[in-house]
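Just so it is clear, none of the values below were taken in a lab; they were calculated from the coordinates. The structure displayed is predicted, hence computed values, not measured ones. Methodologically, a virtual Cβ is constructed for each residue, glycine included, from the backbone with ideal geometry; neighbour enumeration extends over all protein chains shown.
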Amino acid sequence: MKTIFYILFAATMMVGCNNSKATKGFDSVDASRFAEVIENEQVQIIDTRTPAEYSEGHIPGAVNIDIDGKEFEAMVAKLDKSRPVAVYCRGGRRSKEAAEHMVSCGLEVTELSNGILSWQGEVEK
């Protein structure tokens, strides 16, 4: 009986770890797909790193909204809900957290799954 329970539990956990948009509410994409997404001039590009990290180099056109900053929620609330958002951080953890919050605010979000560390495109300082 314990074995059956563990098998059912493991199967349930595997289903719950789905990376689909339906589960999270946003797309998490690789750098190549992210580059395609931000080609759209309507996309609002958001860098969720600290201002110091942002100043070291960021994706052109990105606006810095530090997820750990006091104004994060207020700044997200000011984003245009009629335009999609592309969000990234250094390695992907903070941007996933930010994307979840942004989706809860009614925004359509695409997240760079492995952050700017995976970015092959232009970076500006």
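Taking every eigenvalue of the Cα gyration tensor of the stretch 21-118, multiplying by 5 and rooting it, what semi-axes result, largest first, whole Å?
Numbers: eigenvalues 56, 51, 34 Å².
Three semi-axes, in Å: 17, 16, 13.
Considering only lysines 8 or more places apart in sequence, or on different chains, count the pairs in the stretch 21-118 whose C-alpha atoms sit under 19 Å apart. Show your work: numbers first, answer last.
On the way: 21/81; 21/96; 24/81; 24/96; 70/78; 70/96; 81/96.
Going through the stretch 21-118 pair by pair, I get 7.
Place the peptides 26-32, 119-125 in order of packing, highest mean first, counting for every residue the other Cβ atoms within 10 Å and averaging per peptide. All intermediate terms of the calculation are to be shown ahead of the outcome.
Numbers: 26-32: 16.7, 119-125: 11.1.
With the highest mean Cβ count within 10 Å placed first, the list reads 26-32, 119-125.
Report, in whole Å, the centroid distance computed from the Cα atoms of the stretch 65-125 and the stretch 25-40.
12
Rank-order 106-118, 78-90 by packing density, defined as the average count of other C-beta atoms within 10 Å over each peptide's residues, highest first.
Averaged packing, sorted descending, gives the order 106-118, 78-90.
Taking amide H atoms as placed 1.01 Å from N in the peptide plane, list the residues 5 or more away in sequence, or in a different chain, whose amide H sits under 5 Å from that of residue 115.
Sorted by chain and number, the residues that satisfy this are 89, 92.
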